[in-house]
1. At what distance in nm do the modelled label points of R127 and A140 sit from each other, each positioned 7 Å from its Cα along Cα→Cβ?
2. With a ≥ b ≥ c taken as the square roots of the eigenvalues of the C-alpha gyration tensor of segment 13-89, please select rounded if a/c is under 1.5 and otherwise prolate if a/b is larger than b/c or oblate if it is not?
3. Show that you can apply the helix-only estimate: for the chain, add -39,500 (n - 2.57) for every DSSP H stretch of four or more residues, divide by all residues, and state [θ] at 222 nm to the nearest 500.
4. Going by average Cβ neighbours within 10 Å, how do the peptides 115-124, 46-55 rank, with the highest at the top?
5. Considering all projection directions equally, how large on average is the shadow of the alpha-carbon convex hull of the chain, in square nanometres?
6. Taking all protein chains together and a probe of 1.4 Å, list E129, E12 from the most accessible to the least accessible.
7. Could you do me a favour and compute the accessible area per residue for the chain, 1.4 Å probe, result in Å²?
8. Compute the helix-to-body angle for 132-144: its Cα long axis versus the longest principal axis of the chain, expressed 0 to 90° and rounded to tens.
Amino acid sequence: MTPAEHPLPQAEICLTIPFHDVDMMHIVWHGHYVRYLEIARCALLDELDYNYNQMRDSGYGWPVIDMRLRYAAPAVFTQQIAIEARLSEWENRLKIDYTIRDAETRKRLNRAWTVQVAVGVEDREMRFESPAVLREKLAAWQQRNR
């Protein structure tokens with residue numbers, strides 16, 4: 001079976017909103033959500049066993065080339081939030097979908113997605129399909145998580 005015929009990895013992390021992320025109303029500044037997505041994305045890539053260091057070591061960088069965030073409700077100082085990251089596309093790019101929720105009530109605060117593409121570390125050329133190493137890592141993850 002191919003990786004497309006199996007479930008795709010996901011990861012969820014929790015964090016408490018720190019004071020330095022909020023404005024005078026104790027609401028998270030919108031730009032900090034990008035960092036929250038990055039934290040969840042790193043957890044997802046660790047789950048896949050293909051984190052940023054492994055990507056670089058395999059000869060590829062994976063820059064974010066597109067991102068969308070849709071805000072439904074604010075996160076506030078001391079609130080515990082859960083950020084779920086789910087791999088949704090992998091053949092030609094990495095598309096990761098995110099949902100940020102209140103950790104206790106599970107009320108949705110934000111939906112987002114990011115798109116990353118493989119770029120050769122040596123030649124800095126974008127690849128138009130994901131390299132074999134990603135397909136191998138995904139197949140191995142799926143084998144472990146049947």
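The values are calculated or read from the model by the stated rules, or taken from the named source; none is laboratory data. Quick caveat: nothing in here was measured; it's all calculated off a predicted structure. Glycine gets a Cβ as well: all are built from the backbone with ideal geometry, and neighbour counts include every protein chain shown. Only protein heavy atoms, including side chains, enter the accessible area calculation; ligands, DNA and RNA are left aside. Shrake-Rupley method; radii C 1.70, N 1.55, O 1.52, S 1.80 Å.
1. 1.5
2. Numbers: a/c = 2.38, a/b = 2.15, b/c = 1.10.
Here segment 13-89 falls in the prolate category.
3. -7500 deg cm²/dmol
4. The packing order, highest mean first, is 46-55, 115-124.
5. 9.4
6. E129, E12
7. Result: 57 Å² of accessible area for each residue.
8. Value to nearest ten degrees: 70.
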